[in-house]
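**Q** Here it is, the structure in full.
The values are calculated or read from the model by the stated rules, or taken from the named source; none is laboratory data. All figures in this text were calculated on a predicted structure; none of them were measured in a lab. Heads up, the Cβs are rebuilt from the backbone with ideal geometry, glycines too, and the neighbour counts pull from every protein chain shown.
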Amino acid sequence: MSEFGGKVVLITGGGVGIGRATALAFARAGAKVVIGNRSAERGDEVVAEIRTAGGEASFLQTDVRRAGEVEALVAHAVESYGALDCAFNNAGTALKLSPIAECDEQAYDTVVDTNLKGVWLSLKYELKQMIKQGHGAIVNNASVSGFRGSRAGLASYTASKHGVIGLTRCAALENARKGIRVNAVGPAAIDTDMGNNFAGALGISLEQLGDMHAVGRVGRAEEVASAVLWLCSGQASFVTGTTMMIDGGITA
């Protein structure tokens, strides 16, 4: 997708898993990539990987639960490269399985503040910049858990991902005539640290988790990245307010 040549792309949670794979994919397509991540070590590693391959990238340590840090990340992108063309709001957490009646309030707040408030804050500051420009494309990372109860013990995660889909739809409606598209992706189990942790919490292997999907395996982070790039591209110019399921048929 050569259309990304010179475009500025911001990715939260870009140091690991799906975020890392998407950062590398955008960089290969010629984009200037700005990564926000809580772990400075992992963020710096991805930037170094992109630069070694001849791409352009920058990193700013960011906790998406903090408004000032998210605002600073967007400002960093604009100050570094002059614009903000695309964003992938990917930062998220699941923590451990916990039934509602036993869920610790702090654990609930951590999940919802990261997964839902973090997307809301990211949208808030990204949209301000994109409205000034008159264009932009945003993708939020939701989940198959945004469409169903998913599994006992995942209430806080499931609630947060339902919220992400609602935010995506509202943001798309508010900005559809301002040259800005907002969509989401809904991955099922993906071969990442989070996917492995989830399988472990269920007491099964990642391969056994894959058997629950119609295609008989878990997904790869690169498969989600491909969907994000397509949704940000001109090929998806008539697509906004939708959630593309990347789920190996598990919701079918």
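**Q** Would you mind finding the one in Arg20, Arg38 that is more than 17 Å from Lys124 (Cα to Cα) and out of contact with any strand residue (DSSP E or B) (no Cβ under 8 Å at 6 or more places or on another chain)?
**A** Numbers: Arg38 fails: out of contact with any strand residue (DSSP E or B) (no Cβ under 8 Å at 6 or more places or on another chain).
Arg20 is the lone residue from the list that is more than 17 Å from Lys124 (Cα to Cα) and out of contact with any strand residue (DSSP E or B) (no Cβ under 8 Å at 6 or more places or on another chain).
**Q** Pairs needed: first member in the range 166-181, closer than 14 Å to Leu116 by Cα and among the aliphatic types (A, V, I, L, M); second member anywhere, modelled with pLDDT of 95 or more and in a helix (DSSP H, G or I); C-beta distance under 7 Å; at least 6 residues apart or different chains.
**A** Leu167/Val119; Leu167/Trp120; Leu167/Leu123; Ala171/Leu123; Ala171/Leu127
**Q** Which condition number in (1) part of a helix (DSSP H, G or I); (2) under 23 Å from Leu154 (Cβ atoms) is the one that Ser226 fails?
**A** Evaluating Ser226 over (1) part of a helix (DSSP H, G or I); (2) under 23 Å from Leu154 (Cβ atoms) leaves (2) as the failure.
**Q** Among the candidates Ala137, Ala94, single out the residue that is out of contact with any His (no Cβ under 9 Å at 6 or more places or on another chain), under 24 Å from Gly68 (Cα atoms), surrounded by fewer than 24 Cβ atoms within 10 Å (Cβ to Cβ) and in contact (Cβ under 8 Å) with a residue 60 or more places away in the chain.
**A** Numbers: Ala137 fails: surrounded by fewer than 24 Cβ atoms within 10 Å (Cβ to Cβ).
Ala94 is the lone residue from the list that is out of contact with any His (no Cβ under 9 Å at 6 or more places or on another chain), under 24 Å from Gly68 (Cα atoms), surrounded by fewer than 24 Cβ atoms within 10 Å (Cβ to Cβ) and in contact (Cβ under 8 Å) with a residue 60 or more places away in the chain.
**Q** May I pose another question? Please verify whether Thr114 is surrounded by fewer than 17 Cβ atoms within 10 Å (Cβ to Cβ), among the hydroxyl-bearing types (Ser, Thr, Tyr) and at pLDDT 95 or above, treating the condition exactly as stated.
**A** On the way: surrounded by fewer than 17 Cβ atoms within 10 Å (Cβ to Cβ): no; among the hydroxyl-bearing types (Ser, Thr, Tyr): yes; at pLDDT 95 or above: yes.
Considered against the rule, which asks whether it is surrounded by fewer than 17 Cβ atoms within 10 Å (Cβ to Cβ), among the hydroxyl-bearing types (Ser, Thr, Tyr) and at pLDDT 95 or above, Thr114 comes out as no.
**Q** Which residues, counting only those in the range 210-220, are surrounded by fewer than 21 Cβ atoms within 10 Å (Cβ to Cβ) and of a type in the set (A, V, I, L, M, F, W, C)?
**A** Met212, Ala214, Val215
**Q** Further question on the same structure: Mind checking which residues of the range 140-156 are part of a loop (DSSP other than H, G, I, E, B), of a type outside the set (Ser, Thr, Tyr) and over 13 Å from Ile246 (Cβ atoms)?
**A** Arg148, Gly149, Arg151, Ala152, Gly153, Leu154
**Q** Among the residues of the range 118-160, how many are closer than 19 Å to Leu202 by Cα and touching a strand residue (DSSP E or B) at 6+ places or on another chain (Cβ under 8 Å)?
**A** Residues of the range 118-160 that are closer than 19 Å to Leu202 by Cα, as a first pass: 143-145, 148-158.
Subset that is touching a strand residue (DSSP E or B) at 6+ places or on another chain (Cβ under 8 Å): 143-144.
Looking only at that region, the number is 2.
**Q** Are any of the residues in the range 191-201 charged (D, E, K, R) and crowded, with 17+ Cβ neighbours inside 10 Å?
**A** First, the residues of the range 191-201 that are charged (D, E, K, R): 191, 193.
After this cut, where a residue has to be crowded, with 17+ Cβ neighbours inside 10 Å as well, the list is 191.
For the range 191-201, residues charged (D, E, K, R) and crowded, with 17+ Cβ neighbours inside 10 Å: present.
**Q** Here is a further query. Could you check Gly203 against (1) in contact (Cβ under 8 Å) with a residue 40 or more places away in the chain; (2) on the phi > 0 side of the Ramachandran plot and say which number it fails?
**A** Failed condition: (1).
**Q** Go through the range 157-184 and give me each residue that's buried (at least 23 other Cβ atoms within 10 Å of the Cβ), assigned to a helix (DSSP H, G or I) and at pLDDT 95 or above.
**A** First, pick out the residues of the range 157-184 that are buried (at least 23 other Cβ atoms within 10 Å of the Cβ): 157, 160-161, 164, 168, 171, 181-184.
Retained after the next criterion (residues that are assigned to a helix (DSSP H, G or I)): 157, 160-161, 164, 168, 171.
Result: Ser160, Lys161, Val164, Thr168, Ala171.
**Q** Since Ala137 meets every condition but one in (1) assigned to a loop (DSSP other than H, G, I, E, B); (2) modelled with pLDDT of 95 or more, which condition does it not meet?
**A** Checking Ala137 against (1) assigned to a loop (DSSP other than H, G, I, E, B); (2) modelled with pLDDT of 95 or more, the one that fails is (1).
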